[in-house]
Amino acid sequence: MTTEKQGLNVAVVGATGQVGGVVLDLLAQRDYPVASLRLFSSPRSAGTKMTWRDREITVEDVSAVTPEDLTGIDVALFSAGATASKQFAPLFAQAGAVVIDNSSGWRKDPSVPLVVSEVNPKDMLDRPLGIVANPNCTTMAAMPSLKALDNLAGLRALRVTTFQAVSGSGLAGVEELGSQVRAVVGGDKPIEGLSTDGSAVDHAQPKVYAAPIAFNVVAKAGNFVEDGSGETDEEQKLRDESRRILGLPDLAVGGTCVRVPVFSGHSLTVHAEFEKPISVGEAVAALADMDGVELVDLPNPLEAAGRDGTFVGRVRRDQSVAGDRGLVYFVSSDNLRKGAALNAVELAELVAKEHGY
């Protein structure tokens, strides 16, 4: 179906936040067919004026809208947190918009497709609530490569350790790392003392994380769940979302999610076990052909930050798995970009195709 207007009417909810800003940049960079653009935020940021492609737009208070106010919006990209998404996404959907949500608010709802653009795009065609969910940014990083390998040899089990950047905790995480680094580097005690004594310098008191994050690693990303498993919600998301996206409900998944002193760019060590033998050469060829995957010698978050796609390297046989049925590799991906904003915009591009653009 082709619409008569020149483009789609787009809304960005959470426009003044980290991910919302990247969404706006990507809409411009990718030349998304925007006929009109409305920006929404919480009452705290409402009234802010933002410029997009030479248009000055006043940010609206999402808490003040009614379904009647939203008539005519075709696509609404939400990056406003789970609470706001649960409250306001249905209003946009009831008014006729396709809502693409970046929060955790709708990921477990079986009526809401959970979609990675290169992996399961057809799933978003069935959206009875008018809402499509983006997966967790850590899960997102692994999906394109795992899909390529599953197609080749049948994925059987997955063991993952993640190295998650502080921007995954929002601006508060970024500020905590920055303040602690400045406190340590600007202090009176030589930083080299950390080589022999972890208390040799003074860190700023941690607020966001359970331990200092500067010059440290915190073996807890997310919040512990209260089911006795000892897992965090990040680790459960990795398992549950991988099963949904890959269409493998019985996939065995074990993960440890770790916070590291990196500003942006999540990384993962992936141990994948398969139903059939798979050689490193076969795996590399499949990865090279997969949309969204870029093979590199040494993936790292500094090179991934600000770039599209997922960067995969260090592909090798998993020596702990018999019969050439296991592989190990490393992944880095910008958690604000492909991990959130880019996939959302790519899903919005699929909606645009439904409208003939």
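The values are calculated or read from the model by the stated rules, or taken from the named source; none is laboratory data. What you see is a predicted model; the values in this text were computed from it and never measured. Quick reminder, even Gly has a Cβ in these numbers, built from the backbone with ideal geometry, and neighbours come from all protein chains shown.
If a residue must be under 22 Å from the mean Cα position of the chain (by Cα), under 10 Å from Ala11 (Cα atoms) and of a type in the set (Ser, Thr, Tyr), how many such residues does the stretch 25-44 contain? Qualifying residue count for the region: 0.
If you check Arg182 against the conditions, is it touching a Gly at 6+ places or on another chain (Cβ under 7 Å), charged (D, E, K, R) and either in the same structural domain as Asp233 (by TED's automatic domain parsing) or not in a loop (DSSP other than H, G, I, E, B) (or both)?
Numbers: touching a Gly at 6+ places or on another chain (Cβ under 7 Å): no; charged (D, E, K, R): yes; either in the same structural domain as Asp233 (by TED's automatic domain parsing) or not in a loop (DSSP other than H, G, I, E, B) (or both): yes.
The answer is no for Arg182.
Somewhere in the stretch 317-335, is a residue without any contact (Cβ under 8 Å) to a residue 24 or more places away in the chain, surrounded by fewer than 19 Cβ atoms within 10 Å (Cβ to Cβ) and touching a helix residue (DSSP H, G or I) at 6+ places or on another chain (Cβ under 8 Å)?
No; the residues of the stretch 317-335 include none that is without any contact (Cβ under 8 Å) to a residue 24 or more places away in the chain, surrounded by fewer than 19 Cβ atoms within 10 Å (Cβ to Cβ) and touching a helix residue (DSSP H, G or I) at 6+ places or on another chain (Cβ under 8 Å).
Tell me which residues, restricted to the stretch 192-206, are surrounded by 11 or more Cβ atoms within 10 Å (Cβ to Cβ) and either under 30 Å from Glu234 (Cα atoms) or in contact (Cβ under 8 Å) with a residue 12 or more places away in the chain (or both). If the condition is that a residue be surrounded by 11 or more Cβ atoms within 10 Å (Cβ to Cβ) and either under 30 Å from Glu234 (Cα atoms) or in contact (Cβ under 8 Å) with a residue 12 or more places away in the chain (or both), then Leu194, Gly198, Val201, Asp202, His203, Ala204, Pro206 are the ones that fit. Close contacts from the stretch 91-120, counting a first residue that is outside the structural domain of Glu234 (by TED's automatic domain parsing) and within 29 Å of Ala286 (Cβ to Cβ) and a second that is among the aliphatic types (A, V, I, L, M) and assigned to a loop (DSSP other than H, G, I, E, B), with Cβ to Cβ under 8 Å and a gap of 6+ residues or different chains, come to Glu118/Met290.
Selection of first residues in the stretch 221-238 that are in contact (Cβ under 8 Å) with a residue 40 or more places away in the chain and of second residues that are assigned to a helix (DSSP H, G or I), restricted to Cβ pairs under 7 Å at least 6 apart or on distinct chains, gives the following pairs, ordered by first then second residue: Ala221/Glu234; Glu234/Thr138; Lys237/Thr139; Leu238/Thr138; Leu238/Thr139. If you check Gly306 against the conditions, is it surrounded by fewer than 23 Cβ atoms within 10 Å (Cβ to Cβ) and within 14 Å of the chain's Cα centre (by Cα)? It is true that Gly306 is surrounded by fewer than 23 Cβ atoms within 10 Å (Cβ to Cβ) and within 14 Å of the chain's Cα centre (by Cα).
When Met50, Met140 are checked against the criterion of being of a type outside the set (S, T, N, Q), surrounded by fewer than 20 Cβ atoms within 10 Å (Cβ to Cβ), touching a Ser or Thr at 6+ places or on another chain (Cβ under 9 Å) and under 23 Å from Val22 (Cβ atoms), a single residue qualifies: Met50.
Taking the criterion of being hydrophobic (A, V, I, L, M, F, W, C) and part of a helix (DSSP H, G or I), the residues of the stretch 41-70 that qualify are Val62, Ala64, Leu70.
What's the number of the condition Pro113 fails, among (1) at pLDDT 95 or above; (2) surrounded by fewer than 17 Cβ atoms within 10 Å (Cβ to Cβ)? Among (1) at pLDDT 95 or above; (2) surrounded by fewer than 17 Cβ atoms within 10 Å (Cβ to Cβ), Pro113 violates only (2). Every condition in (1) charged (D, E, K, R); (2) in a strand (DSSP E or B); (3) buried (at least 24 other Cβ atoms within 10 Å of the Cβ) holds for Arg314 except the one numbered (3).
Screening the candidates Ser264, Ser242 for the property of being under 22 Å from Ala341 (Cα atoms), among the polar types (S, T, N, Q), surrounded by 14 or more Cβ atoms within 10 Å (Cβ to Cβ) and touching a strand residue (DSSP E or B) at 6+ places or on another chain (Cβ under 9 Å) yields one hit, Ser242. Of the residues making up the stretch 153-173, at least one is closer than 24 Å to Pro113 by Cα, among the charged types (D, E, K, R) and at pLDDT 95 or above. In this structure, Gly281 does not qualify as assigned by TED's automatic domain parsing to the domain that holds Ala157 and closer than 30 Å to Ala76 by Cβ.
Is there a residue in the stretch 29-43 that is closer than 22 Å to Ser264 by Cα and either at pLDDT 95 or above or of a type outside the set (A, V, I, L, M, F, W, C) (or both)? Yes; the residues of the stretch 29-43 include at least one that is closer than 22 Å to Ser264 by Cα and either at pLDDT 95 or above or of a type outside the set (A, V, I, L, M, F, W, C) (or both).
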